[in-house]
Amino acid sequence: MATGTRRQRPLYTVAALAFFIGLLGLTAGAAVHGADTPRRGGVLLAAIGADAPSLDPHQEQTFATLQPVSPLYSTLLQIDPYNYPNVIGDVASEWKIAPDGLQYTFQIRPGIRFHDGSPLTSADVKASYDKILFPPEGVRSIRKHHYSSVASVEAPDPSTVVFKLKFPSASLLVNLASPWNVIFPKKYLDRDPNYFKNNVVGSGPFKFKSYTRGSTFEGERNPDYFIKDRPYLNGYKFFVSTETSVRAAAIRSGRAHIEFRDLPLSEVEAITKNLGDKVVVQQTPFVIHFDVAINNTVKPFTDIRVRKALNLGIDRYTAGRVLYGLTGLRDVGAFTRPTTEWAMSPAELEKYPGFGRNAEKNRAEARQLLGEAGYPNGFKVVLKNRNVKLPYQDWAVFVIQEWRKIGIEAEHRPLETAAWYADGRDQGNFEVVVFPTGHFVDDPDALLAPFITGSSQNWARFSNPAIDDLYARQARTLDPGERRKLVIELQKIVLENAYHIPGLWWSRNVVHWAKVKNWIAPPSHFTNQKLQDVWLSED
Amino acid sequence: MATSIELAHASASATLAPKPSVTEVVARFVRTKPLGAAGGVIILGMLFLAVFAQMLAPYDPYVGDYGLQFSRPSAEHWFGTDEFGRDVMSRIMYGARIALFVGFTASLIGCTIGALLGVISAYWGGRVDLLLERLMDILLAFPQLILALAIASILGPAVQNVVIAISIPVIPRVARVVRSAALSVKENVYVEAVQALGATRRRVILQHIIPNVAAPYIIMLTAQLGAAILAEAALSYLGLGAAEPTPSWGLMLSGSAPSYAEKAPWIALFPGIAISLGVFGFNLFGDSLRDALDPKLKG
């Protein structure tokens with residue numbers, strides 16, 4: 001499994017490679033990976049740890065939405081399931097980038113049909129991207145800041161889509177391969193831009209079959225899928241359970257073939273001990289980190305001393321040691337994944353609140369800051385969280401234990417997924433809340449979006465013009481070295497001001513039955529979820 | 001004739017027994033109901049642990065020793081440690097507080113509201129009775145734990161919400177029993193007499209009906225205590241009770257325990273024993289108290 005870092009290439013290299021990559025995209029679906037001959041039929045059974053707050057991936061940011069609906073949709077481009085993080089086509093058969101980097105032109109494959117029988121054209125791609133880039137009133141767009149370079153999307157003819165840019169962007173191509181940016185039929189969006197929160201009309205390898213809220217989600221084979229011999233499976237079915245042990249038991253008993261997100265090492269070990277070579281384990285890093293968002297708009301968190309104290313109160317290095325076996329949370333870092341080109345070095349990181357190696361010294365400083373801020377005996381706080389155990393609640397338990405050592409008594413309040421998003425993201429109805437940040441690739445535009453003014457991912461609700469400026473500048477910078485400096489500088493400002501409480505970067509352990517073939521775990525649980533090439537060697 | 005009548009009166013007054021002291025009542029209860037007494041000892045033990053947990057618990061139940069994750073039962077940690085290195089015995093001691101708090105408050109609230117509604121229903125009769133009884137029918141249509149689950153899932157996981165969720169299903173059960181007792185008390189001549197003397201409804205209910213339905217109320221209260229503790233454990237087990245890191249027995253039994261049952265069975269074993277013992281104690285005590293208070297069961 002390729003999990004290495006992705007270096008930003010100069011634009012001309014990207015442009016030169018794009019054509020070949022586009023051609024490769026044509027045949028990628030036809031390529032079958034693995035030595036065995038694919039077998040048709042069967043229903044893939046998967047366990048999933050949460051229920052979708054809505055079915056519209058443009059408006060959501062949880063695996064609970066994306067994993068069940070991904071197989072129902074197509075995207076313009078996609079991350080190569082077998083060569084992460086290379087970009088290949090999905091509905092786009094080929095593409096060209098203008099030499100000045102200000103225009104991207106995509107050709108749409110002919111003959112693609114939505115599940116309602118209507119043809120997929122460039123108008124649908126434009127309508128979908130317009131909804132993401134320029135959302136109408138009352139429509140949330142989680143990732144519009146990732147496309148700040150795009151001035152307009154045009155559809156000059158039914159098979160051509162043109163993205164016109166305000167400035168060249170090093171991140172655009174990979175962000176156009178976002179699994180979240182599914183293509184919706186324009187006619188439904190025209191009727192109601194929120195139509196897909198509760199409905200599904202895609203063009204993916206599977207068609208929607210049924211959804212029982214909080215229980216199951218099913219898809220069935222799309223016989224008219226535009227790759228003629230795909231998918232191999234007759235269908236797939238997700239079972240929802242927020243309990244880690246229930247999902248692990250489902251794998252152990254064969255009621256589920258796979259849990260795509262992650263299981264703790266202890267469960268993985270127990271399953272492999274139990275089932276031996278009937279199961280396969282795939283371990284990768286994870287482009288996702290678990291933090292705590294501080295509501296910067298409410299007292300006492302408007303006081304930087306209190307925010308610093310909260311950061312200083314958490315011993316991250318011990319957390320990585322304690323939580324790795326329990327949850328997979330392991331690596332200490334800021335807001336870009338450690339070991340990647342965008343990450344701060346450990347020595348740099350140690351200068352910031354909560355990253356010093358001496359935990360007792362950090363705690364003493366935290367107590368002193370709390371005293372100076374008028375809280376010599378600490379205070380009580382409500383830590384809201386998602387009612388998903390792995391790793392949300394384990395992370396919260398660790399944080400609560402740590403804060404007790406500096407006199408902060410946190411009441412843990414787990415909420416159902418939709419309520420957690422409503423309180424955390426939409427309404428700011430919290431003091432502190434467990435908040436994961438992740439993306440499908442290590443891209444600064446995406447990973448740093450939670451820190452810019454007005455971003456729907458900025459749960460902490462702070463605003464700093466210097467951060468906004470650095471974000472805008474890094475998005476326009478094509479030279480990787482220069483861009484890195486800006487990316488690091490931005491992270492330092494967030495850390496210095498303790499706007500946010502960074503936690504740990506996750507690692508991924510996927511255990512699945514060996515009869516599930518042709519599925520490779522990338523370092524993100526958002527990509528490679530279309531299941532078009534997956535097959536079962538036996539029922 | 002007259003002399004013999006006086007003698008009969010003298011004999012009668014001479015046989016009136018003095019009111020037994022509390023010690024004598026307890027001694028008689030222990031002698032006649034040894035199982036109930038054993039239940040009482042368990043309850044007292046739980047109460048003792050709950051009240052003095054802070055002094056008795058050897059470790060902070062919320063903060064673990066990270067170097068001792070999944071430590072086996074030993075001289076330092078009699079019941080071992082959990083996945084965060086927290087002392088299981090200390091958490092069980094503090095857990096008794098949650099169990100008793102939820103058990104007592106939920107039973108007290110549910111039984112008291114139920115008893116009041118039962119008395120009102122019986123005394124007023126007519127439309128009030130009809131309305132209240134149909135409302136109780138609706139609540140009784142749901143199994144107790146299912147109704148508690150539904151209420152808890154609406155209110156969200158928190159200890160106070162568990163109390164509400166457990167107490168509501170108790171109401172109709174107690175209301176039915178108390179209504180039936182109050183109906184028979186209402187028909188007594190002395191009630192008619194005080195009504196004839198001009199006593200207000202409030203006075204009749206508070207001074208003449210409620211004291212006479214106290215026995216079924218107390219019996220229901222003790223019977224519901226064990227059930228409430230079990231319901232709290234069940235709700236916490238299902239993720240609808242107290243939230244981590246609260247040391248709740250049910251939560252300790254769910255939480256990470258199923259994931260680590262093979263690796264560290266003590267994480268699940270000791271909270272399981274605590275729940276069983278607590279519920280067993282309340283059930284034994286409740287049964288014996290019912291036998292002692294219910295006139296129909298007296299020899």
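The values are calculated or read from the model by the stated rules, or taken from the named source; none is laboratory data. Predicted model only: the values in this text are computed from it and were never measured. Here Cβ is always computed from backbone atoms with ideal geometry, including for glycine, and neighbour counts include all displayed protein chains.
Things to note:
- The range B:131-159, subset more than 13 Å from every other protein chain (Cβ to nearest Cβ) and among the small types (Gly, Ala, Ser), residue surrounded by the fewest Cβ atoms within 10 Å (Cβ to Cβ): B:Ala141
- Residue in the range A:288-299 that is at pLDDT 95 or above and over 29 Å from A:Lys485 (Cα atoms) present: yes
- Of residues in the range B:71-87 being away from chain A (no Cβ under 14 Å) and out of contact with any Lys or Arg (no Cβ under 8 Å at 6 or more places or on another chain), the one nearest to B:Leu225 (Cα to Cα): B:Phe79
- Every test in (1) in a helix (DSSP H, G or I); (2) touching a helix residue (DSSP H, G or I) at 6+ places or on another chain (Cβ under 6 Å); (3) closer than 26 Å to B:Asp65 by Cβ; (4) not β-branched (Val, Ile, Thr) is passed by A:Lys308 save one, and that test is (3).
- Residue within the range A:113-125 that is within 20 Å of A:Pro168 (Cα to Cα) and modelled with pLDDT of 95 or more present: no
- Test result for A:Ala498, surrounded by fewer than 17 Cβ atoms within 10 Å (Cβ to Cβ), small (Gly, Ala, Ser) and more than 14 Å from every other protein chain (Cβ to nearest Cβ): no
- Any chance B:Ala106 is assigned to a helix (DSSP H, G or I) and among the small types (Gly, Ala, Ser): yes
- Hits in the range A:401-442 - residues which are among the aliphatic types (A, V, I, L, M), within 13 Å of chain B (Cβ to nearest Cβ) and part of a loop (DSSP other than H, G, I, E, B): A:Ile406, A:Ile408
- For the range A:379-400, residues that are within 14 Å of chain B (Cβ to nearest Cβ), assigned to a loop (DSSP other than H, G, I, E, B) and surrounded by fewer than 20 Cβ atoms within 10 Å (Cβ to Cβ) total 0.
- Filtering A:Arg316, A:Arg305 for residues that are within 14 Å of another protein chain (Cβ to nearest Cβ), in contact (Cβ under 8 Å) with a residue 40 or more places away in the chain and among the basic types (Lys, Arg) leaves a single hit, A:Arg316.
- Yes/no for A:Asn362 being surrounded by 20 or more Cβ atoms within 10 Å (Cβ to Cβ), of a type in the set (S, T, N, Q) and either touching a Gly at 6+ places or on another chain (Cβ under 7 Å) or within 14 Å of chain B (Cβ to nearest Cβ) (or both): yes
- Flag if A:Ala347 is surrounded by fewer than 15 Cβ atoms within 10 Å (Cβ to Cβ) and away from every other protein chain (no Cβ under 12 Å): yes
- Restricting attention to the range B:200-217, the residues that are surrounded by fewer than 16 Cβ atoms within 10 Å (Cβ to Cβ), of a type in the set (Gly, Ala, Ser) and either in contact (Cβ under 8 Å) with a residue 40 or more places away in the chain or more than 15 Å from B:Val119 (Cβ to Cβ) (or both) add up to 0.
- Taking the range A:369-395 as the range and being more than 34 Å from the chain's Cα centre (by Cα) and polar (S, T, N, Q) as the test, only A:Asn377 passes.
- Residue check for B:Ser90: in contact with a strand residue (DSSP E or B) (Cβ under 6 Å, 6 or more places away or on another chain), buried (at least 18 other Cβ atoms within 10 Å of the Cβ) and within 14 Å of chain A (Cβ to nearest Cβ): no
- Checklist (1) touching a Gly at 6+ places or on another chain (Cβ under 7 Å); (2) surrounded by fewer than 22 Cβ atoms within 10 Å (Cβ to Cβ) applied to A:Asp262, failing item: (2)
- In the range B:201-276, counting only helices (runs of 4 or more DSSP H) that sit wholly within it, the ones holding 3 or more residues that are more than 19 Å from B:Ile164 (Cα to Cα) and either away from every other protein chain (no Cβ under 14 Å) or aromatic (Phe, Trp, Tyr) (or both) span B:214-237.
- Residue in the range A:278-289 that is within 14 Å of another protein chain (Cβ to nearest Cβ) and either under 25 Å from A:Ala50 (Cβ atoms) or among the β-branched types (Val, Ile, Thr) (or both) present: no
- Meets criteria (in contact with an Asp or Glu (Cβ under 8 Å, 6 or more places away or on another chain) and either surrounded by fewer than 21 Cβ atoms within 10 Å (Cβ to Cβ) or not basic (Lys, Arg) (or both)) for A:Gly276: no
- Filter result for the condition that a residue is among the β-branched types (Val, Ile, Thr), free of Cβ contacts under 8 Å to residues at least 24 places away in the same chain and within 22 Å of B:Ala99 (Cα to Cα), over B:Ile138, B:Ile168, B:Ile146: B:Ile146
- For the range B:19-63, the set of residues classified as more than 14 Å from chain A (Cβ to nearest Cβ), surrounded by 12 or more Cβ atoms within 10 Å (Cβ to Cβ) and of a type in the set (Val, Ile, Thr) consists of B:Val25, B:Val26, B:Val30, B:Thr32, B:Val41, B:Ile42, B:Ile43, B:Val51, listed by residue number.
Each row is one residue, and each column tells you yes or no for (1) of a type in the set (A, V, I, L, M); (2) more than 17 Å from A:His58 (Cα to Cα); (3) at pLDDT 95 or above; (4) not in a loop (DSSP other than H, G, I, E, B).
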site: A:Tyr188; (1), (2), (3), (4): no, no, yes, yes
site: A:Val201; (1), (2), (3), (4): yes, no, yes, no
site: A:Lys209; (1), (2), (3), (4): no, yes, yes, yes
site: A:Gly214; (1), (2), (3), (4): no, yes, no, no
site: A:Lys228; (1), (2), (3), (4): no, yes, no, no
site: A:Pro231; (1), (2), (3), (4): no, yes, yes, no
site: A:Val246; (1), (2), (3), (4): yes, yes, no, yes
site: A:Ala249; (1), (2), (3), (4): yes, yes, no, yes
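- The lone exception for A:Ala249 - which of (1) surrounded by 24 or more Cβ atoms within 10 Å (Cβ to Cβ); (2) within 14 Å of chain B (Cβ to nearest Cβ) it fails: (1)
- Residues that are assigned to a helix (DSSP H, G or I), under 26 Å from A:Ile493 (Cα atoms) and within 14 Å of chain B (Cβ to nearest Cβ) are absent from the range A:260-267 altogether.
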